[in-house]
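Undergrad: I'd like to ask some things about the structure below.
Here, each number is a calculation from the coordinates, and none is a lab measurement. Fair warning: this is a prediction, and the values are worked out from it, not measured in the lab.
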Amino acid sequence: MKQFTHVFYGIINLRLDSVLHVGGGEDASFHMAVNGEDNFIIPASGIAGAVGHYIQMADADVAVLLGNKEYDSSIYFYDAVCEKVNIEHRTGIKIDNKYGTVEGSSLINMDYISPGMETRIRIQGFASNENELKQIENVYAHIGNGFAAGSILLGAKKASGAGRFVINDVGANGSFYGKVLKLDLRNEKELNRYLSGVEKCFSDCNEKKIFKDSGNSILDTFVLEASVPSGLLVGGGSTEDEEIEANNVNMYRLLGEKKEYFIPGSTFKGILRSYAEMVADELKLPQELVKDIYGSKSDGLDDSGQMTGNPSRVIVRDCVIRNPAKVMHNRIKIDRWLGGTMNGAKMVEEVLYIDKEPISVEVSISGELNTKQRAAANALVYLALRDIGAGLVTVGSGRSIGHGRLCGKKLNINGVDCRFKDWQLQLGEKEAFISSCIRELEEYGA
């Protein structure tokens, strides 16, 4: 390690705002790491990788402090211990992009940590002079701003919106902040503080460092409120002798002993992305636009050694279903050649009818989008939610027998309610805003 005269300690308290992928799907061999006290942790290496990718894009001048092939890092990360951890198992399906139907044998099992988990990012930096100490502070500020803007995501499935955190510490004026400690080792008293150990120094981090204002993290928000009079299929396709849950997508989770039905945010995210790809094809827009907005998977390192791919700028929250009317439907399979009933083919379906308390689908657009990308993102999200609320785009399976058709009540756009009437959305004062976004979308590829 190089000689140093200053040491920097920084803490950022985080709360999980989406879900955190910990295993399953294409990463079935991965398991959440634990420390020596059997606490779940986010490994320091994973934090350093996500932060390094972001810093390289945000400020390449200070990124060298994180190290490269020629220089050792001046900044070190520590494992992030997780608290309030609730592991939930989710199943999903793959959708055929061309036909919008479920691909055969495509049930995917994945494990996530539920929203609400808390952790803290801890960094330690070593500087040989005051100027380098300020550069380390700039790196810390970039990290805080990145989490505040939703631009640093942890774990896998980032393109699906997983791994998004919010900063837990918010000041009276709505600004996010972290806590730091700076030591000048030329001072005997501060040298003794450094020698007291890392944990003691982190516990002494009391100086507040203000990050971006909370209003900078979200650009636009859409909330669709709708009922589901046609019913939502949450279990089906099982014969009478089979466990109904065994063959179906999991749309409930256990909170203690209580079963709570919900539609995963990733389900609506998939619908929105599929719709955006359809619109892009129809308007002959570059597919890169969809990737910039909805994220793309990494396929390795680029020529500069940086990971490819980018996180989603569209965040969709889980949609909780409250007080549904649950009905068990019996169906039979018909022999397509003879028109008769197939032996032993009586099926049981679990269907939720949602009318008393409408569901709310909340979609936010976040991150670094330029003006044209932002307008295009608004237009694509609006068009999809409009058609979902009008019953033209269904949710879940069973659409061939009438399930999954939503009846929109209102679409809230940036705090303004726009009502549905006779299956048509009345934009009112938001008409000029949406029309402008749609024009930008149509002209994007021109």
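Undergrad: Search the structure for amide H atoms under 5 Å from the amide H of F4, placed 1.01 Å from N in the peptide plane, and list their residues when 5 or more places away or on another chain.
TA: Distant-sequence amide H within range of F4: zero hits.
Undergrad: For E207, enumerate residues with amide H under 5 Å from its amide H, sequence gap 5+ or separate chain, H modeled in the peptide plane.
TA: Those qualifying (amide H under 5 Å, at least 5 residues apart or on another chain) are V180.
Undergrad: Okay, moving on. Residue by residue through the stretch 382-393, what is 3J(HN,Hα) from phi via Karplus (6.51 cos²θ - 1.76 cosθ + 1.60, θ = phi - 60°)? Round to whole Hz and write x for glycine and proline.
TA: So the J values, rounded to whole Hz, are 4, 4, 5, 5, 4, 6, 5, x, 8, x, 7, 10.
Undergrad: Among the listed pairs K297/K421; K269/K356; K259/K421, which are separated by more than 30 Å between their Cα atoms?
TA: With Cα atoms farther than 30 Å apart: K297/K421; K259/K421.
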